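**Student:** Okay, handing you the structure first.
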Amino acid sequence: MKKIRIHEEYCIGCHLCEITCVVKHSPSGKIIKTFREEKENRPLPRVRVEEEGYVSFALQCRHCDDAPCVENCLTGAMYRDEKTGMVLCDEDRCMGCWMCVMSCPFGVAERSKDRTRVGSKCDGCVGKGEVPPCVENCPNEALTYE
Amino acid sequence: MAKSLLLPEFKIERDSARCIACQVCARQCANAVHTYDETDDSLWSEEAQCVGCQRCVTLCPTGALEVRRRERGFRENANWEESFLYRLYKQAETGGIVLTGMGCDRPYPIYWDHLLLNASQVTNPSIDPLREPIEIRTFLGRKEAWLDVDWEHRSLKTVLAPQLELSLPVLFSAMSYGSISYNAFRSLAEAAREVGTLCNSGEGGLHPDFYALGGNIIVQVASGRFGVTPEYLQVARAIEIKIGQGAKPGIGGHLPGEKVTPEISRTRRIPVGSDAISPAPHHDIYSIEDLERLIFAIKETTNYQKPVSVKIAAVHNVAAIASGAVRAGADIIAIDGIRGGTGAAPQVIRDNVGIPAEIALAQVDERLRQEGIRHRASIVIAGGIRSSSDVIKAVALGADAVYIGTAALLALGCHLCQKCYTGRCNWGIATQDPILTKRLNPQIGKRRLVNLMRAWALEMKEILGGMGINAIESLRGNREQLRAVGLRREEAQLLGVKLAGEGW
Amino acid sequence: MRERERIPSGCAVAGILSQSGQPVGGETIIQAMRVMHERSNGLGGGFAGYGIYPDFAALYAFHVLCDCKGSIDEVEAMLRKNFVVEHQETVPIWEHSPLRDHPEFMRYFLRPRESENEEELVVQTVMEINARIEGAYVISSGKNLGVFKGVGYPEDIGEFFRLDEYQGYCWIAHGRFPTNSVGWWGGAHPFNLLHFSVVHNGELSSYGINRRYLENFGYFCTLQTDTEVIAYLLDLLLRRHRVPPEALGTIFASPFWSQIETMSEPERSLYRAIRVTYGGALLNGPFSIIVGFEGGMLGLVDRIKLRPMVAAWNGDMFYLASEESAIREIAPELDRVCALRAGEVVMGRLKEGVLHGQEFAASRV
């Protein structure tokens, strides 16, 4: 399985990965419309740039082999996709207990804006092109897909 | 504090219909031009600090930004051009020498643009590089006038002087680690290895990380002698004595202490935070015979296994100086013209001292031929080479190869804002700030340089094939392949070329 | 001139060598050239004969072309400075030739005043006359040989110079279709220096650097045509640098780097050194050349064979020509015929013991 790899030494902290991620998961899929017209139902970025001083890197779900979020999910909303091996979230089954948020060792599961369910969970952009858009749009190849 | 009279050089236009307040611009500007206002989710740009590097424009995901040269609205005056006013106000405010970066930008004649190339028609078939080999392999170093050969056994008796073998007649110019970032230097060195050419350490020593790439590095010995050790000389492919630089002939160098990080301190062998000052002259070279002593000291140290280059700036008497350097034992003469780049130089020097590389090259090549010593040294020309056609024209004028500095930096992302000396290069090239240096991913930098060299090599082969020439040595010094347009007869004569319209 | 339906391109070259030193009459080479009439355009033709002056075999034979009367005195003064003129005469021509406006041709048989380094003396004298004296050119300067050339079809030039009255062991000839330079008498082929003569079909793209490379060694080009550099390169390489003629191809039409890399040592180092050292002597652009030298003749075509050349043997006779038809015209039966490959030297030499033309029937001189 190909994974998004992080190259902290070349992350320039521009946050373009976050912007691309939001656009890709937005209702319109158009950047200006997403940010100017879809404020209410604009999704949260599923990748987050962590920064301190000159250290920065873009972090998203690592799709752990023994994923605590899957193990701890009460409703089975968090599950491993058999075909891709990725950890995904079935939002219809999520009841917003935040077990995943608490147990994720990387802190990459986030609550949705209305705090009713998981709102930020990298889905690997399966079926959205060969390379995930966050990787494709990283200006410095600080994210690679290998 | 009195109000500054310096008006902003650039105008920033933000298309509010497009701006999504994502703050990429604010995060990327090292000059703090753009600031985000949380209260109304908007961005404000302070134009006075803008250097026109186009970093924000390039990264803006919606194309909302435009940075343009500002029309400053001074009354038109042919004598008092805007740049003079700007510089004068600056000096009146600071009382200092105005610094700048990169090469001279004054509109002196660019002779490359007045030289046209030949092509074959009918009487001489042009050669298709897709079907026939066209060779641009180049050797730098002292050549013999003739060879002693045992023809019966097909074996060579002459021992050739050490040669630098290049896959194309282009090398990366001297740019020190210090003036450029670690990642920029790594990009150059790795690209040189992949392409089969050489880069140049500049006068800042060689970081031990790059010793493994020494086979593709020319190291410099300059007036400051930074980082010069026996090991430094031995790991390199060749050694260059830097006498002068086209951007600042007769002027030394100064790397401010802020840039002397622990790694640079280790490389240059000077204390962290101390200014690295290269004196204007070498204080052990006050005459040509002193140069000879240094050349041979280096040759002795390296057991005569490495060519020694002498780099000089193109000044009025360049032909005689080059001839002297060749007679003093230089295997390569590097000549840097007035448009040669720099990380920092006084603007008054950069823009007024020296002569164009093209004229210097033509004169040096002719002089060495007249003296019958052209074979004793290769000529490498530097200073404003912009394209493969410039390379071809340089070779036809008589150069063995060219150095590219600015062109290589452009490939790495440089946008020629001329602010290298500030240490705030937004493209991560001319800076040591760790936030900025990580902006240049050496894998990308190397790839772009390799691409550039590949593209130039392909173009050079097309041009050569069109001329009906299948080996670059048949173009070297072949001024019959050049014709001058828009030049006075005297200028054409100095270049040793005929005017367009004149046949063979 | 006949009316033409098309413009033929290229020149004609031909050469004959009797490897046993048997005399060959000038009419033979004319006959071969006549077949290739269409390869010339009437703007140049010429011949070099070896072994044609047996009576003066030990003397340097200078053929001088002179297009204005005044300069001949200067030429003679310069010759007398360095040489004793043993014999001099006007080169005989056919009075009724249709060729008009021809310059004067003189020949001098010279003995150097100093015996040390006399070939260098000859070269310097030729360079000096050609560069300094207006309208006068030394067109050949070797022992026991002469160049006859001018503006016209080669067969007309041959008749003009009455070549049927000469006998030589080797002849090379050229019919010209000039492209590079005006058709003038001095610009016709062959070009000669000392005993090296060359005829050339082609155009040298490398001329500009070949000329400047030669200046480095004291040769100055004055004849406004690219072939001149080949003659001087021959003198530089074969005489001064002692390159054997059969190795000429390694310099004039060097192998490609890709070929050199497949060689084994010590050859690979040798070829590499040759290319590194003699880049200025590489001939680039299309060419096929025939080189005549004392005791032999060779043919060579360029690196990618852009011009034709055929070699043939019959008994002791060795032939080279642009077209096989020219050889068949004078030697219908041949032992072997082959087309030259790119960069390949095909050479014939006088057999050992053959004195160069000494035992030939006397020519006119």
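**Student:** Test of the criteria: in segment A:63-111, which trypsin sites (Lys or Arg not before Pro) are in a DSSP loop and have at most 15 other Cβ atoms within 10 angstrom of their Cβ?
**Tutor:** Taking segment A:63-111 and a limit of 15 other Cβ atoms within 10 Å, the loop trypsin sites (Lys or Arg not before Pro) found are A:83, A:93.
**Student:** Among DSSP beta bridges whose residues both lie in chain B, state the antiparallel percentage, nearest 5. Walk me through the numbers on the way to the answer.
**Tutor:** Numbers: 22 of 52 bridges.
About 40 percent, rounded to the nearest 5.
**Student:** Quick one: grab the alpha carbon gyration tensor of chain C, order the square roots of its eigenvalues as a ≥ b ≥ c, and give me rounded if a/c is under 1.5, else prolate or oblate depending on whether a/b is larger than b/c.
**Tutor:** In terms of gyration-tensor shape, rounded.
**Student:** Residue by residue through segment B:304-318, what is 3J(HN,Hα) from phi via Karplus (6.51 cos²θ - 1.76 cosθ + 1.60, θ = phi - 60°)? Round to whole Hz and write x for glycine and proline.
**Tutor:** Calculated HN-Hα couplings, in order: 6, 9, 10, x, 10, 9, 10, 9, 10, 7, 6, 10, 4, 9, 4 Hz.
**Student:** Kindly write out, for segment B:459-475 in residue order, the coupling ³J(HN,Hα) from the Karplus curve 6.51 cos²θ - 1.76 cosθ + 1.60 (θ = phi - 60°), rounded to whole Hz, with x marking Gly and Pro.
**Tutor:** Values per residue, Gly and Pro as x: 5, 4, 5, 4, 5, 4, x, x, 7, x, 10, 10, 8, 5, 5, 7, 9 Hz.
**Student:** Let me ask something else about it. Run the helix sum for the protein assembly as shown: -39,500 (n - 2.57) per DSSP H stretch of 4+ residues, divided by residue count, reported at 222 nm to the nearest 500 deg cm²/dmol.
**Tutor:** Details: 30 runs with 264 residues, N = 1015.
Helices in the protein assembly as shown give a 222 nm mean residue ellipticity of -7500 deg cm²/dmol.
**Student:** Also, quick follow-up: Per 0.36 nm of contour for each residue apart, how much would the distance between residue B:128 and residue B:499 grow if the chain were fully extended, relative to their Cα-Cα spacing?
**Tutor:** 130.8 nm
**Student:** Tally the DSSP beta bridges in the protein assembly as shown and give the antiparallel ones as a percent, rounded to 5.
**Tutor:** 80 percent
**Student:** Something else about it: Report the net charge of residues surrounding residue B:295, where surrounding means a beta-carbon distance below 14 angstrom and charges are Lys +1, Arg +1, Asp -1, Glu -1.
**Tutor:** +1
**Student:** List every residue whose amide H lies under 5 Å from the amide H of residue A:90, counting only residues 5 or more places away in sequence or on a different chain, with H placed 1.01 Å from N in the peptide plane.
**Tutor:** It is A:78, A:79, by chain and number.
**Student:** What is the fewest-to-most order of A:94, C:338 by other Cβ atoms lying within 10 Å of their Cβ?
**Tutor:** C:338, A:94
**Student:** Hey, can you grab everything whose amide H is under 5 Å from the amide H of residue B:499? Only 5+ residues off in sequence or another chain; H modelled, so Pro and N-termini drop out.
**Tutor:** B:484
**Student:** Any chance you could give the angle, 0 to 90 degrees and rounded to 10, that helix B:357-370 forms with the longest Cα principal axis of chain B?
**Tutor:** 10 degrees
**Student:** Let me ask something additional. Filter the GluC sites (Glu not before Pro) in segment C:210-318 down to the DSSP loop ones having no more than 11 other Cβ atoms within 10 Å, then list what survives.
**Tutor:** Working: sites: C:215, C:228, C:246, C:261, C:267, C:294; in loops: C:261, C:294.
Here the sparse-neighbourhood loop sites are C:261.
**Student:** Are there any trypsin sites (Lys or Arg not before Pro) in segment A:20-61 that are in a DSSP loop and have at most 11 other Cβ atoms within 10 Å? List them by number.
**Tutor:** A:39
**Student:** What does DSSP give for segment B:243-374 in terms of the percent of beta bridges that are antiparallel, rounded to the nearest 5?
**Tutor:** Details: 3 of 8 bridges.
Roughly 40 percent of the beta bridges in segment B:243-374 run antiparallel, per DSSP.
**Student:** Ok, one more. Dipole of chain C (Lys/Arg Cβ +1, Asp/Glu Cβ -1, origin at the Cα centre): which of C:299, C:173, C:92 lies farthest to the positive side?
**Tutor:** C:299
**Student:** How much net charge surrounds residue B:449 when only the other residues with a Cβ under 13 Å from the Cβ of residue B:449 are counted, with Lys and Arg +1 and Asp and Glu -1?
**Tutor:** Within the 13 Å Cβ shell, the charges total +4.
**Student:** Taking the Cβ of each residue in B:286, B:403 as the centre, tally the other Cβ atoms inside 10 Å and list the residues starting with the fewest.
**Tutor:** The most exposed by this proxy come first: B:286, B:403.
**Student:** Another question, if that's okay. Applying 1/(1 + (r/R0)^6) with R0 = 25 Å to the Cβ-Cβ distance of residue C:72 and residue C:114, what FRET efficiency is obtained, to the nearest 0.05?
**Tutor:** Efficiency computed from Cβ-Cβ geometry: 0.55.
**Student:** Place +1 on the Cβ of every Lys and Arg and -1 on the Cβ of every Asp and Glu in segment B:379-504, take the dipole about the Cα centre, and give the residue among B:457, B:385, B:443 whose Cα lies farthest towards its positive end.
**Tutor:** Checked the options; the winner is B:443.
**Student:** For a test of the definition: using alpha carbon positions, the gyration tensor, and the 1.5 limit on a/c, classify segment B:138-499 as rounded, prolate or oblate.
**Tutor:** Here segment B:138-499 falls in the rounded category.
**Student:** Count charges around residue B:377 for me, please; just the other residues with Cβ under 15 Å from its Cβ, Lys/Arg as +1, Asp/Glu as -1.
**Tutor:** Working: positive: B:142, B:143, B:299, B:306, B:311, B:327, B:367, B:369, B:374, B:376, B:476; negative: B:144, B:240, B:292, B:331, B:365, B:366, B:371, B:400.
With Lys, Arg at +1 and Asp, Glu at -1, the net is +3.
**Student:** Let a ≥ b ≥ c be the square roots of the eigenvalues of the Cα gyration tensor of segment C:18-118; is it rounded (a/c under 1.5), or, if not, prolate (a/b larger than b/c) or oblate?
**Tutor:** Oblate.
**Student:** Relative to the present Cα-Cα distance, how much length would full extension add between residue C:89 and residue C:55 at 0.36 nm per residue of separation?
**Tutor:** Result for the pair: 10.8 nm of gain on full extension.
**Student:** Still on this structure, I have one more. Rank A:106, A:12, A:137 by how far each Cα sits towards the positive end of the charge dipole of chain A (+1 on Lys, Arg Cβ; -1 on Asp, Glu Cβ) and give me just the farthest.
**Tutor:** A:137
**Student:** Right, here's the next one. What list do you get for C:241, C:200, A:15, B:283 if you sort them by fewest beta carbons within 10 Å?
**Tutor:** Ordered by Cβ neighbours within 10 Å, fewest first: B:283, C:241, A:15, C:200.
**Student:** Tell me, what HN-Hα J-couplings in whole Hz come from the Karplus equation 6.51 cos²θ - 1.76 cosθ + 1.60 at θ = phi - 60° for each residue of segment A:128-141, using x for Gly and Pro?
**Tutor:** Using θ = phi - 60°, the values come out as 10, x, 5, 10, x, x, 5, 6, 4, 9, 6, x, 10, 6 Hz.
**Student:** Right, next: Let me spell out the model: positive unit charges on the Cβ of Lys and Arg, negative unit charges on the Cβ of Asp and Glu, origin at the Cα centre of chain C. What dipole size does that give, in debye rounded to 20?
**Tutor:** 820 debye
**Student:** Setting aside same-chain residues fewer than 8 positions from residue B:306, which lysines have a Cα under 23 Å from its Cα?
**Tutor:** Filter leaves B:143, B:157, B:242.
**Student:** Using unit Cβ charges (K, R positive; D, E negative) and no other charged atoms, how large, in debye to the nearest 20, is the dipole of segment B:254-373 about its Cα centre? Display every interim value, and only then the final one.
**Tutor:** Details: 13 positive and 15 negative charges, 56 e Å.
With only Lys, Arg, Asp and Glu charged at Cβ, the dipole is about 280 debye.
**Student:** Residue C:344's amide H: which non-local residues (gap 5+, or another chain) put their own amide H closer than 5 Å, with H modeled 1.01 Å from N in plane and none for Pro or chain starts?
**Tutor:** Under 5 Å from the amide H of residue C:344 lie the amide H atoms of C:301, each far enough along the sequence or on another chain.
Throughout, read-outs are computed from the coordinates displayed, never taken from laboratory work. What you see is a predicted model; the values in this text were computed from it and never measured. Glycine gets a Cβ as well: all are built from the backbone with ideal geometry, and neighbour counts include every protein chain shown.
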